[in-house]
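The values are calculated or read from the model by the stated rules, or taken from the named source; none is laboratory data. Please read these numbers as outputs of a predicted model, since none were measured by experiment. Positions of Cβ are generated from backbone atoms using ideal geometry, with glycine treated the same way; all protein chains shown enter the neighbour counts.
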Amino acid sequence: MDIKELFKAIYDGYQNCIETEDPNIHKLAKTNEYLDVFHNKICLIKHHAIGTMDVKKEFGFLRQPDDDIYLDKKYLNGAMQDDLVIVDDTGYQAKVVSIIQRALTLIICRCHKQGEIVYFQPINSIQQLLNITYDLPLVDGHLVSIKIDSIDDLTIHGHVKEVIGHEHDPDIETNKIVSSYEWPQSFDQNIYQQLKSIKKESFTEIDYDNEIVITIDGADAKDLDDAIHLKKMPSGYEIGVHIADVSHYIKPNDAIDKQAFEKTTSVYLADRVIPMLPEYLSNDLCSLNPLEPKKTLSVIMTLDESFTVVSHRFESTVIMSKYRLTYDEVNLILKGHKKHKNQKLHEMLLTLNEISKKLSIMRYQRGEMNFHTEEIKFHIKNHQIIDVSLRKQDDAEKLIESLMLLANETVAKHFSDNHIASLYRTHDVPDIGKLQKALHIIKQLGVALPHSQQQDARYIQKIIEITDKHPKRDLIHMILLRAMQKASYESQLSHHFGLGATYYTHFTSPIRRYPDLIIHRLIHMFVLKDHPIEKLDLMDIAKQTSDQERVALSLERDVNQLKSCEFMVEKIHKTFKGMIIATLSRGMFVRLENGIEGFVSLRTFKQHVIYHEHTVSYSDRRGLLYRLGDQVEVELINVDIIKRHIDFKIVTQVKRRSQRGRHRSKQKS
């Protein structure tokens, strides 16, 4: 770990601190003037803060979890938008004292051409001058990505990396975001050359052809990488989970493998998928399309009557999916609204649903967190967003998830029990400080928290239980989720807190996730022993895949926010119902019923409003106005597609609570 990584770890920690027993990290921290070491705790020195910058024209803010720190322009000391910096807040004026990491590595510019001279106009405001070199043919209106070579006080030096497209191209805004993340949208020419050497095979023998092998996916899914079958046994069930064997076609360190490792994941944007693998593999050769024999890697599990896996085996197989079912179709069957024409398949689905529910109960009993979450879904036709809704998980989705979890845990346990080096999917226990803060906020929402000396998995489960019917359930679960650690890939076995699982890995999605491809290779090399042994740097793979997963999630969020802006841009001055989901000293975030979020600045209020951090509420001279979780009606006042900002103002007053009423509420909580 170097000093930059140490500061980033402190930034990711709680209250600008981390705990470690590593003497080398202690020694490193003692050499830095902004760090103090107390026993095993490393913290920023007093009255200093670390965070990312939000830079305006004449001032800036250091983003902080509770209250942002204001900085005058002359005290920014060269800090730019989203830079990770340290701020000295000891004096009358806060000032940037160290830039830990520049956020700006690439900028998007519009080309303005006059004669033979090309001027580069940044899409986002930049204070410095640009000194740009290029060797590509450019026209007026081209949007280009500029790779930053260096930054000094007055000038940004860089070169044109690629032409994104023309400003009038459809979906150019999405392309700009993807380019800003430097995420490859196309495949190298040498990859297409390699694809020519991969031919479709003719399979004469099909494994499990006597079983009803099916896939269940979303209606628009094209990369079908998992199929299942169920067989009733004398004292239990046989469940087969058959996964597309991508490792049969992609060899370590070939051209396709190298770019797959660079991406490590497919990215699922609101209006498209950027696949990890070329479509010839992801949607055709490897995809388990119906009535097409496909090469698969299967884990066959035997469950006893208590639904415990009592034995398992791995097989290199060729399977043929008999039916390509969709979640919507299966949900209708499971709810009794539809009957499949194949009676055996119909009964199989009902039995699988029963098994899924019992497996879910077993996972819950060991500590799994059943948070209620919903994802925003954009309904797009001809590049136009025609509607926005929330995507809900129903029994069919849970059925497939249960079986994939079971397979992943079985694989991980096999590797651990047999001392085979592997990748594991891990999830650490919550940071106690973040959890305490989340619990305080939940208490302010009127939730009577359970009494317990130990705030462990069972304690969090109890909160999830007692708030399941709460009118603010989704907000409460979101607050708890934000207190959780991020899941990651590791080369050492570690508990998965969110699933309550001792053993867990990713085996079931090698078309769209690189770690799953690695697990397949390990099974072939060390379990089936039908592939030559290749040296794999599992620590490096774990770090790359964890890092890229976070980048992909950020990219997906940014595109969702763009699509939210595009949907709302023609709805200025319309009113909407929503809920206050986050509070800051400068305003509040409101989520609409369709999942779109926007900001309400305190400057939009006619009266002077005071923010009370402890009670996550706002008041004026007459008393309480709003608090976290309040239902409000808002008017859309501005949409900035370039900055991806949505601004509301509140148009209806929440009924003020009397002093007596507030006292009763406080007593109840």
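With the structure loaded, tell me whether Tyr626 is within 19 Å of Ile69 (Cα to Cα) and either in contact with a Pro (Cβ under 9 Å, 6 or more places away or on another chain) or part of a strand (DSSP E or B) (or both) or whether it fails that test.
Considered against the rule, which asks whether it is within 19 Å of Ile69 (Cα to Cα) and either in contact with a Pro (Cβ under 9 Å, 6 or more places away or on another chain) or part of a strand (DSSP E or B) (or both), Tyr626 comes out as no.
Would you check which residues across the stretch 552-601 are polar (S, T, N, Q) and closer than 19 Å to Leu481 by Cα and list them?
Ser554, Thr583, listed by residue number.
If you check Ala9 against the conditions, is it more than 25 Å from Met484 (Cα to Cα), out of contact with any Lys or Arg (no Cβ under 9 Å at 6 or more places or on another chain) and part of a helix (DSSP H, G or I)?
Judged against the criteria, Ala9 is not a match.
Taking the condition of being within 30 Å of Leu130 (Cα to Cα) and more than 28 Å from the chain's Cα centre (by Cα), how many residues in the stretch 164-213 meet it?
Qualifying residue count, the stretch 164-213: 4.
Give me a count of the residues in the stretch 584-621 that are among the β-branched types (Val, Ile, Thr), part of a strand (DSSP E or B) and touching a Ser or Thr at 6+ places or on another chain (Cβ under 7 Å).
1
Can you tell me which of (1) at pLDDT 90 or above; (2) farther than 30 Å from Leu285 by Cβ; (3) hydrophobic (A, V, I, L, M, F, W, C) is the one Leu195 doesn't meet?
Condition not satisfied by Leu195: (2).
I'm told Leu517 meets every condition in (1) in the same structural domain as Ser402 (by TED's automatic domain parsing); (2) part of a helix (DSSP H, G or I); (3) in contact with a strand residue (DSSP E or B) (Cβ under 6 Å, 6 or more places away or on another chain) except one. Can you identify the failing condition by its number?
If we test Leu517 against (1) in the same structural domain as Ser402 (by TED's automatic domain parsing); (2) part of a helix (DSSP H, G or I); (3) in contact with a strand residue (DSSP E or B) (Cβ under 6 Å, 6 or more places away or on another chain), just (3) comes out false.
Find the residue count for the stretch 395-426, including only residues that are outside any helix (DSSP H, G or I) and either in contact with a strand residue (DSSP E or B) (Cβ under 7 Å, 6 or more places away or on another chain) or at pLDDT below 95 (or both).
So the answer is 4.
Got at least one residue in the stretch 529-544 being outside the structural domain of Ile361 (by TED's automatic domain parsing), surrounded by fewer than 16 Cβ atoms within 10 Å (Cβ to Cβ) and under 17 Å from the mean Cα position of the chain (by Cα)?
Yes; the residues of the stretch 529-544 include at least one that is outside the structural domain of Ile361 (by TED's automatic domain parsing), surrounded by fewer than 16 Cβ atoms within 10 Å (Cβ to Cβ) and under 17 Å from the mean Cα position of the chain (by Cα).
Would you be able to tell me the number of residues in the stretch 131-182 that are among the small types (Gly, Ala, Ser) and assigned to a helix (DSSP H, G or I)?
Count: 2.
Hey, could you check the stretch 50-73 for residues that are hydrophobic (A, V, I, L, M, F, W, C) and under 13 Å from Val85 (Cα atoms) and say which is surrounded by the fewest Cβ atoms within 10 Å (Cβ to Cβ)?
Ranking the candidates gives Ile69 first.
Within the stretch 94-129, work out how many residues are free of Cβ contacts under 8 Å to residues at least 12 places away in the same chain and either not hydrophobic (A, V, I, L, M, F, W, C) or not in a strand (DSSP E or B) (or both).
Of the residues in the stretch 94-129, 4 are free of Cβ contacts under 8 Å to residues at least 12 places away in the same chain and either not hydrophobic (A, V, I, L, M, F, W, C) or not in a strand (DSSP E or B) (or both).
Can you name every residue in the stretch 215-265 that is within 20 Å of Ile533 (Cβ to Cβ), in a loop (DSSP other than H, G, I, E, B) and among the basic types (Lys, Arg)?
Answer for the stretch 215-265, where residues must be within 20 Å of Ile533 (Cβ to Cβ), in a loop (DSSP other than H, G, I, E, B) and among the basic types (Lys, Arg): just Lys251.
When the stretch 574-618 is examined, which residues are found to be among the charged types (D, E, K, R) and either closer than 16 Å to Asp630 by Cα or without any contact (Cβ under 8 Å) to a residue 24 or more places away in the chain (or both)?
Lys577, Arg591, Glu593, Glu597, Arg603, Lys606, Glu613
Out of curiosity, is Glu465 among the charged types (D, E, K, R) and either modelled with pLDDT of 95 or more or in contact with an Asp or Glu (Cβ under 7 Å, 6 or more places away or on another chain) (or both)?
no
Of all the residues that make up the stretch 81-100, how many are more than 20 Å from Lys46 (Cβ to Cβ) and either in contact with a Lys or Arg (Cβ under 6 Å, 6 or more places away or on another chain) or basic (Lys, Arg) (or both)?
Qualifying residue count, the stretch 81-100: 1.
Could you tell me which of the residues Ser287, Ser266, Ser247 is in contact (Cβ under 8 Å) with a residue 12 or more places away in the chain and touching a His at 6+ places or on another chain (Cβ under 8 Å)?
Ser247
Which of the following residues is touching a Pro at 6+ places or on another chain (Cβ under 6 Å) and either more than 30 Å from Ile541 (Cα to Cα) or in the same structural domain as His506 (by TED's automatic domain parsing) (or both): Phe261, Phe203, Phe187?
Phe203
Counting residues that are small (Gly, Ala, Ser), modelled with pLDDT of 95 or more and over 30 Å from the mean Cα position of the chain (by Cα), which strands (runs of 3 or more DSSP E) fully inside the stretch 276-328 reach at least 1?
So the answer is 309-320.
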